[in-house]
Structures are given as structure tokens and as C-alpha cells.
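The values are calculated or read from the model by the stated rules, or taken from the named source; none is laboratory data. Just so we're clear, the structure is a prediction, and the values are computed from it rather than from any experiment. For neighbour counting, all protein chains shown are included, and Cβ atoms are generated from backbone atoms with ideal geometry for every residue, glycine included. Areas reflect the complete protein model, heavy atoms only, side chains present, ligands, DNA and RNA absent. Shrake-Rupley method; radii C 1.70, N 1.55, O 1.52, S 1.80 Å.
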Amino acid sequence: MKRTSRGAGPIALALSTAALVVVAGCTTSGGGDTTTTSSSTSGSASGTTSDSSGSGGGSADTTITYAAEQDFYAYNTFTVDGNATANQTVLNQVLRGFSYVDNEGAVQMDTEFGTIEKTSDDPLTVQYTFADDARWSDGEPIGCADFLLTWAAGSGYYNKDGSANTGGRTAESENLFDSASTTGLDQTEKPTCADGDKTVTLTYKVPYVDWNVAIGTSAGGSFMPAHVAAEQAGTDTAGLVAAFESDDAAVLTPVAEFWNTGWSLNPDQGLPDASLIPSSGPFLISAWDPGQSITLTANPEWWGTPPASNTVVMRFIDQSQQVSALQSGEVDVIEPQANPDSLAALDALGAAVDVQTGPLFTYEHLDLNVNTGMANEQLREAFFNCVPRQQIVDNLIKPSQPDAEVLQSLMLQPTQPGYDELAAGAGFENYNEVDLDAARAAFAASGAAQGTTVRIIHIDPNPRRTNQVALIKASCDQVGFNIQDTPLASDAFGAARASGDYDVALFAWAGSGLYGSISAQYASAGAGGEQNTAGWSDPAVDAAFAAVNSSTDTSGVVDQLLIVDKALADNFWSIPLFAFPGLVASNADVSGVQLNAGQTQATWNMQEWARN
């Protein structure tokens, strides 16, 4: 077996914010059930210049098979519900964009798709130019309308009551589009362009740290086909552009309704018609067998470098079965949980497989919902004191990662600069070990009845999460709680979390290593926290994120993130558990596979996978 470790040294952290953090708990990232933050990352590994040949289609008739733990369920990953790695891993090379975050967390430009140029610092002004040949797989050109639709969804400019935030968003603003993040774009002026234009300019009201991944990235903030949304709403791209220019709610409301839900998949109905899900990348989705597999084939309209293999089949296989599937030849690439059993099984395969390990920008945590069963602060304090964080790490993580430690920050990972400062000052370390006396005192002060039920939702199947809930129940039921394990399928988990239908959510955020992607998860809902479905709100937190997102260098950012970490600990809102170790294994006859620390996982560069 060829084994490569990327090591655990500090990973460079970019000042970028548009990249979405994804729910890993809704998809696999070194172990499944992670959620992606709304960060913009692309799956393009080569920033090569387009050959403008229109020669889509791959090499000879070659198929590479990848094992994904969770089924695909949404074509639009920029919604709160669709923002999950289960979807992003499928779409990395189906929906491309201007930029992406590579496997080391560095922002790269996707010059095959187009170019980005900062033309002014004061005010910050950025010009976007789509490649001349950029077109959807149905032949429709990519341009102005696609840009405006994504800007409208990601800026929060339009409200559900039909009004527009011409003077900027307020706490009362309610986004017409169910976008996973508005960070960055909410600080831009409304752009203008004519239908068919290939160049659009964005002007910022204040500096923005992640301007180079603010819109049109291939992970989490992808351009969606405006001509499809327009047609479903009874208009065309010219009518849509005109509606944006005049803020015509009569046209924009049905467009937003389709954008919000029209690209959600129904297993009973199968894959939507190809006209509804065109591609802007080297692959398109050609088949979906719900619960079994999804097939990507080379996009004949792709204008850039053809993929090395013309077919990638993604089979949905429980992580506990993935090594066996690799051994039998059923699949070529896997990303199982890095545990003693999987590593030993891979070792036994010898030279037949290549194995890569390293740290991920993915972390397990518990979110306490202040709008439901965890509204009482003393009850949350009791829960903080009875969750056996150290025991969870000792029993479930250390067997495969002996140097694993309890995570002490929700802002940064142990491999990132600034983590040690946050870990020392946040206050989470006060809850490493269970303190049943403190938990019982807080529970009594809350006035809650003995046997108070607390539902912990998580994605199923996932044995490690089931075991985590069992450990929490064994501890916290001694205090007076009745912990109820509530496993959900990935799509049901996404819906429950998006609607706030939970007491505690156990899942992982899979990020990109970009500072600016964090605020969507932890800021107040009216201040850019679109993925904060637990009801947390603190003006000091919102001010700290505003300072981070408008930073033009890294000085002072860690101090602001410490304010957020302390608030999350002091208010008993969210509990960090552990950072994920990463593992990707592939058949030795497959080249191009690379471990990815971010939410886009190994499929970030699937267009480079080839059979030797």
C-alpha cells in the first residue's frame, strides 16, 4: 500500500468569506454527516486557460467509480436546505465558477470559466468577465442574467413582502431567496447589465475580505441557470433582467420560489428532466438511481479542458462497507471514516491501493436551539456540564487518532494559525470533563421537570454519532434529562435543521479554511447568520463578524473571533467536540485523486481522475 500523510502542520488560512461552510452532518467528509458552510470553492484543479474548442467529452471510454455515503438531494447548494456535502460532492465539476478553494485551502481563479479583476480599492470594485464560450450544457450562454440571479439570492436585497432593501438590509429584512449566506454580497450595490452581457461589475459599500470568492464559485455559491428559473416563472432572461432593474416583485417572487425549492430532488420522481438541470462544467448529471448511485458524464458543451475520464459513477455506500467495496473493485475511490478498522483493512490491501491521510477543515459539534427545548439558559448550562466531551474523544476518536484532543474553538481548527489563542481564551476547556454536581445544580435552577426530553437530531446511518448520543444520554440522564436519540436521513436532517425543528443538532461543519465563511453559521439571523437556525443573537458577535468580514489583512481577526467563541461558550449555545481526521483511498491504477481538507472533498478535482 502506498500511504501518504499530508501532516498536521499549520494550513494556510485565506481571508475569504464567500466560500460556504457546508453541513457535514448531511454528507460525508471523512466520516459522513457534515454540513458545508456557504463558502465558495470550486472543484477545478487546473486553472488552465480555455482552449475554446468546445471539445467537451473526455478521453477514451473510461469510468471511475466513487463511494459516497449519503444520497444526492438538491441541485442548488446555495439554499439553507441544500447546503450540504452530500450535494456538493456531486456538483463540484457540474457547476463551475470564477474561483475555487483548492485542497490546501488556498483561493484559486478558474480562468476557464472567466476572469475576476479588482479595478478599485476605494470603493472596492470588482469586474467579472465570463469566458466568451461559456454556455450551459443546453447551449444557452452564461452571462448577465445568471449573475443577477445569484447576486439577488446572495445579497438579501429582496424581501418576501415584495419590497427591496434599497437603503441596505435591516434586522426586519426577510430574504425572498432562501440563501445559505448573504455575507459580503449584502454590502454591494445592485449591479446592472444587459441581457446577454458577458461582463458585470460589483461595487462594495465597505471593504470585503473575501471579494475574490464572493459570487460564482464552484462550491456553495454556484451560478444557477437563470434561463431555467425564468422559464419556470413564466418569463425569459430578458424579462428577468428587466425585473431586477425595476425591482418587479410580481416577476421576482415566482422566480425565487423556484430557486428556493425547484431544484430539490424527489426520490419518488427520479432525476428531473435534463432541461431543468443543465451543467456549466466538464460533467453533467445523466442518471440517478435514488439510494443507489448517480452518474456523471462528460458535458459535450464544455468549452474548457475535457475531463480525463468521461464517466464518474458515484455509488451510495455506507462508510463501514467502503473498504470492502474498494477491495472487490466495486469502486475506485473511497473516503471512509479514519478509524482503526478501516486503516487496518486498507493496510492489508498492500500495493493494490493508495492511501492519503491528513487534517480536515471539518469539526463535530452540538448546536443548542434557544427557540425550542433549550430556551432556558440554566438548562443549557446543565447540558454543557453533562456532555462527556473527553470521553467521546477518548472512546471514539483516539483509537484511530491517538493524538486527538477535545476541540476548544468553533472558529478555527487546531491546524490553523490563531487556534491556540482561541483555545486558551474561549472557555470551552472548562467543560472538558463531566461535572454532574454543577449540572444538577443548573438543572434545578432551570425549574425544568425531571425527565425533560431533549431531542438530539443527527444524520443516520452513522455509528459514531449513534455512539456519541448514547454516551451523552448515559451522562445527562443522571442529571434529569431524558435524552432522545433522533436519527434522520440526510434530506430530513437538512429540512429539520433549516426549519429549527430540533432541541440539539449533532453534526459537523465542513468548511474551506476561509475566515469569511464563518459568520453565516453564528451571526444573528438578521445580520448575515442565515445558517444560524438555533436562534442565537448577540450584537457583540455581529459586530465582531462585521469587523472580520471587512478586514483587508489578518491583523486583529483572531481577536474578533475570540469574542465570538467566548459568546458561544458563555451563553451555552454550541459545544465543539473534535476535529475530523481525513482519509481518502483509491485503487493504485487510478491517478489524480487528492485528499482535500475542505468541504468539496476528493471530488473537487474529479475531472483529473484517470485510469492508468
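Can you find a residue that is polar (S, T, N, Q) and touching a Pro at 6+ places or on another chain (Cβ under 6 Å) anywhere in region 360-367? Lay out the reasoning, then the answer.
Restricting attention to region 360-367, the residues satisfying the condition of being polar (S, T, N, Q) are 362.
Cutting the leftovers down to touching a Pro at 6+ places or on another chain (Cβ under 6 Å) gives us none.
Among the residues of region 360-367, not one is polar (S, T, N, Q) and touching a Pro at 6+ places or on another chain (Cβ under 6 Å), which makes the answer no.
Going by what's in this entry, would T115 be described as free of Cβ contacts under 8 Å to residues at least 60 places away in the same chain and polar (S, T, N, Q)? Answer is yes for this residue.
On the stretch given as region 426-467, residues that are on the phi < 0 side of the Ramachandran plot and either among the acidic types (D, E) or under 27 Å from the mean Cα position of the chain (by Cα) (or both) total 20.
Please work out which residue is nearest to the chain's Cα centre (by Cα), limiting yourself to region 566-612 and to residues that are aromatic (F, W, Y) and part of a loop (DSSP other than H, G, I, E, B). It comes out as W573. Taken together, the residues in region 309-350 that are out of contact with any strand residue (DSSP E or B) (no Cβ under 9 Å at 6 or more places or on another chain), free of Cβ contacts under 8 Å to residues at least 60 places away in the same chain and open to solvent by 50 Å² or more (accessible area, probe 1.4 Å) amount to 5. Checked against (1) of a type in the set (D, E, K, R); (2) within 20 Å of F78 (Cβ to Cβ); (3) open to solvent by less than 10 Å² (accessible area, probe 1.4 Å), R465 meets all criteria but (2). Within region 264-290, being under 23 Å from the mean Cα position of the chain (by Cα), small (G, A, S) and open to solvent by 40 Å² or more (accessible area, probe 1.4 Å) holds for one residue alone: S264. Within region 138-148, restricting attention to residues that are more than 25 Å from the chain's Cα centre (by Cα) and farther than 13 Å from A238 by Cβ, the residue that is least open to solvent (accessible area, probe 1.4 Å) is G139. Specify the residue that is nearest to A588 (Cα to Cα); the eligible residues are those in region 318-366 that are modelled with pLDDT under 95 and in a loop (DSSP other than H, G, I, E, B). Filtering first and then ranking leaves E335. Restricting attention to region 489-528 and to residues that are more than 22 Å from A597 (Cα to Cα) and touching a helix residue (DSSP H, G or I) at 6+ places or on another chain (Cβ under 6 Å), the residue that is surrounded by the fewest Cβ atoms within 10 Å (Cβ to Cβ) turns out to be S524.
Taking the criterion of being in contact with a Gly (Cβ under 7 Å, 6 or more places away or on another chain), in a strand (DSSP E or B) and farther than 23 Å from S499 by Cα, would at least one residue in region 129-137 satisfy it? If you could, list the steps in order and put the result at the bottom.
Within region 129-137, the subset in contact with a Gly (Cβ under 7 Å, 6 or more places away or on another chain) is 129-131, 133-134.
Applying the additional criterion that residues be in a strand (DSSP E or B) yields 129-130.
Of the ones still in play, those that are also farther than 23 Å from S499 by Cα are 129-130.
Among the residues of region 129-137, at least one is in contact with a Gly (Cβ under 7 Å, 6 or more places away or on another chain), in a strand (DSSP E or B) and farther than 23 Å from S499 by Cα, which makes the answer yes.
Listed by first and then second residue, the pairs linking a residue in region 567-595 that is on the phi > 0 side of the Ramachandran plot to a residue that is outside any loop (DSSP other than H, G, I, E, B) and open to solvent by 10 Å² or more (accessible area, probe 1.4 Å), with Cβ atoms under 7 Å apart and 6 or more places separating them unless they lie on different chains, are F572/E377; F572/R380; F572/E381; G592/E608; G592/A610. Being part of a loop (DSSP other than H, G, I, E, B), under 24 Å from S246 (Cα atoms) and in contact with a strand residue (DSSP E or B) (Cβ under 9 Å, 6 or more places away or on another chain) is a condition met by at least one residue of region 200-211. Applying the condition of being outside any loop (DSSP other than H, G, I, E, B) and of a type outside the set (A, V, I, L, M) to region 546-565 and asking which residue is farthest from W211 (Cα to Cα) yields D565.
Take P581 and decide whether it is modelled with pLDDT under 90, under 22 Å from Y515 (Cα atoms) and surrounded by fewer than 23 Cβ atoms within 10 Å (Cβ to Cβ).
Numbers: modelled with pLDDT under 90: yes; under 22 Å from Y515 (Cα atoms): yes; surrounded by fewer than 23 Cβ atoms within 10 Å (Cβ to Cβ): yes.
So P581 fits the description; yes.
Residues being under 30 Å from R135 (Cβ atoms), assigned to a loop (DSSP other than H, G, I, E, B), in contact (Cβ under 8 Å) with a residue 60 or more places away in the chain and in contact with a strand residue (DSSP E or B) (Cβ under 8 Å, 6 or more places away or on another chain) are represented in region 288-300 by at least one member.
Collect the residues in region 118-133 that are acidic (D, E) and surrounded by 14 or more Cβ atoms within 10 Å (Cβ to Cβ), keeping them in residue-number order. Step through it out loud before you land on a result.
Quick first cut of region 118-133, residues acidic (D, E) only: 121-122, 132-133.
Listed by number, the list holds a single entry, D133.
One residue is enough: does region 148-171 have a residue meeting the conditions touching a Cys at 6+ places or on another chain (Cβ under 8 Å) and touching a residue at least 60 places away in the same chain (Cβ under 8 Å)?
Start the filter on region 148-171 by keeping residues that are touching a Cys at 6+ places or on another chain (Cβ under 8 Å), which leaves 148.
Then drop every residue that is not touching a residue at least 60 places away in the same chain (Cβ under 8 Å), which leaves 148.
Within region 148-171, one or more residues are touching a Cys at 6+ places or on another chain (Cβ under 8 Å) and touching a residue at least 60 places away in the same chain (Cβ under 8 Å).
Whether a residue is assigned to a loop (DSSP other than H, G, I, E, B), crowded, with 24+ Cβ neighbours inside 10 Å and at pLDDT 95 or above was assessed, and A534 passes this test. The single residue among T170, T199 that is surrounded by fewer than 17 Cβ atoms within 10 Å (Cβ to Cβ) and either at pLDDT below 85 or in contact with a Pro (Cβ under 7 Å, 6 or more places away or on another chain) (or both) turns out to be T170. Considering only residues in region 87-117 that are modelled with pLDDT under 90, in contact with a helix residue (DSSP H, G or I) (Cβ under 8 Å, 6 or more places away or on another chain) and not β-branched (V, I, T), the one that is least open to solvent (accessible area, probe 1.4 Å) turns out to be Y100.
Could you please find all residues in region 173-190 being β-branched (V, I, T) and either open to solvent by 60 Å² or more (accessible area, probe 1.4 Å) or part of a loop (DSSP other than H, G, I, E, B) (or both)?
Of the residues in region 173-190, the ones β-branched (V, I, T) are 182-183, 188.
Result: T182, T183.
Tallying residues that are touching a Pro at 6+ places or on another chain (Cβ under 7 Å) and either charged (D, E, K, R) or part of a helix (DSSP H, G or I) (or both) within region 432-465 yields 1. Residue under question is P306, and the condition is that it be touching a strand residue (DSSP E or B) at 6+ places or on another chain (Cβ under 7 Å) and either closer than 26 Å to F578 by Cα or open to solvent by 20 Å² or more (accessible area, probe 1.4 Å) (or both); does it hold? For P306, the condition - touching a strand residue (DSSP E or B) at 6+ places or on another chain (Cβ under 7 Å) and either closer than 26 Å to F578 by Cα or open to solvent by 20 Å² or more (accessible area, probe 1.4 Å) (or both) - is met.
Going residue by residue through region 480-491, is there one that turns out to be under 18 Å from T362 (Cα atoms) and not in a loop (DSSP other than H, G, I, E, B)? Can you show your working first?
In the first step, residues of region 480-491 are kept if they are under 18 Å from T362 (Cα atoms); the result is 490.
Retained after the next criterion (residues that are not in a loop (DSSP other than H, G, I, E, B)): 490.
Yes, there is a match, as at least one residue in region 480-491 is under 18 Å from T362 (Cα atoms) and not in a loop (DSSP other than H, G, I, E, B).
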